[in-house]
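The values are calculated or read from the model by the stated rules, or taken from the named source; none is laboratory data. Just so it is clear, the structure is predicted and the values come from calculations on it, not from any experiment. Neighbour counts run over all protein chains shown; Cβ positions are idealised from the backbone, glycine included. Accessible surface areas use protein heavy atoms only, side chains included; no ligands, DNA or RNA. Shrake-Rupley method; radii C 1.70, N 1.55, O 1.52, S 1.80 Å.
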Amino acid sequence: MYFWEEMYKGTPPWDIGRPQPVFVKLFRDGEIKRGRILDVGCGTGENAMFLAENGCSVAGVDIAHRAIELARKKAADRHFNVDFSVCDVLTLGSCFREDEFDTVIDSGLFHALTDEERPVYVRQVYRVLKDGGQYFMMCFSDKQPGEWGPRRVSKEEIIQAFSPMFKISYVKDATFESLIHEGGAKAYLVSATKRKK
Ligand code: SAH
């Protein structure tokens, strides 16, 4: 928590000032559908605002107060209506109703969780999604060299974490744009559907 607040005193490397191209493409390709969408670990809100601009009803949550303040300010300046709030994704169920969302997007949050937090997180996302709801996630992949940045995630870890409660449609190679990785960092993009209760 302290780490994240500190990072937002400056401009963190992931805060690129525009939506991640991967999420723009998911929307333009019709994979992310218009509806009620939650952006978990939304940071300063670029992905959420892109979806709101395109006719979605969007909520964004982050644990860092400063990120949410910045997101709210940007949304006000740009006249976008996004419901930004401070919430820990590990207790997402206390911030939103069960079955509230058609879609949950996660750009760079899952790879920040510990092994112990992962199953808690997956259950929380499951809870706020409608039956058949969609989850799209991008994380650093084990193909990204170097030490800097979040821990790298393998395909097997993704499958292990999500497959009990989600049907995974794909785990694809993708690019995570950042202010410090020229050409972006190697990532996985995951599309998954909530299994029926
Ligand atoms: N999605 C944003 C930010 C990615 S960085 C973007 O694409 O720019 C990961 C974000 O997750 C940070 O903003 C961090 O504050 C947030 N975060 C980390 N742990 C969290 C938790 N337990 N609950 C909610 N947000 C969390």
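With a Förster radius of 25 Å applied to the C-beta separation of GLU182 and GLN160, the computed FRET efficiency comes to 0.20. Relative contact order, whole percent, for the chain stands at 19, derived from Cα pairs under 8 Å and 6 or more residues apart.
With the convex hull drawn over the C-alpha atoms of the chain, the volume per residue is 111 Å³. Once the 1.4 Å probe is applied to the protein heavy atoms, region 1-109 comes out at 46 Å² accessible per residue. Between LYS143 and LYS73, the simple spin-label model (points 7 angstrom out along Cα→Cβ) gives 3.8 nm.
For the chain, the 222 nm mean residue ellipticity estimated from helices alone, with every DSSP H stretch of n ≥ 4 adding -39500 (n - 2.57) and the total spread over all residues, rounds to -8000 deg cm²/dmol. Starting from the Kirkwood radius over alpha-carbon pairs of region 83-171, derive D by Stokes-Einstein at 20 °C in a medium of 1.002 mPa s and give it in µm² s⁻¹. D, rounded to a whole number, is 155 µm²/s.
Site pair SER169 and LYS33 shows an inter-label distance of 0.9 nm when each label is modelled 7 Å from Cα along Cα→Cβ.
Once both labels are positioned 7 Å from their Cα atoms along Cα-to-Cβ, the gap between GLU116 and ASP99 label points is 3.4 nm.
Separation of region 180-197 and region 7-55, taken as the distance between their Cα centroids, equals 13 angstrom. Ignoring ligands, DNA and RNA, what percent of the accessible area of region 2-194 is carbon or sulfur (1.4 Å)? Accessible surface attributable to carbon and sulfur in region 2-194 totals 51 percent. On a per residue basis, the convex hull of the C-alpha atoms belonging to region 43-130 measures out at 83 Å³.
If R0 is 25 Å, the Cβ-Cβ spacing of PHE3 and SER85 corresponds to a FRET efficiency of close to 0.80. For LYS167, a cut-off of 16 angstrom between C-alpha atoms picks up these lysines, skipping any fewer than 8 places away in its own chain: LYS130, LYS155, LYS194, LYS196, LYS197.
With only Lys, Arg, Asp and Glu charged, each at its Cβ (+1 for the first two, -1 for the last two), find how big the charge dipole of the chain is about the Cα centre; round to the nearest 20 debye. Walk me through the numbers on the way to the answer.
On the way: 28 positive and 29 negative charges, 130 e Å.
Approximately 620 debye in magnitude.
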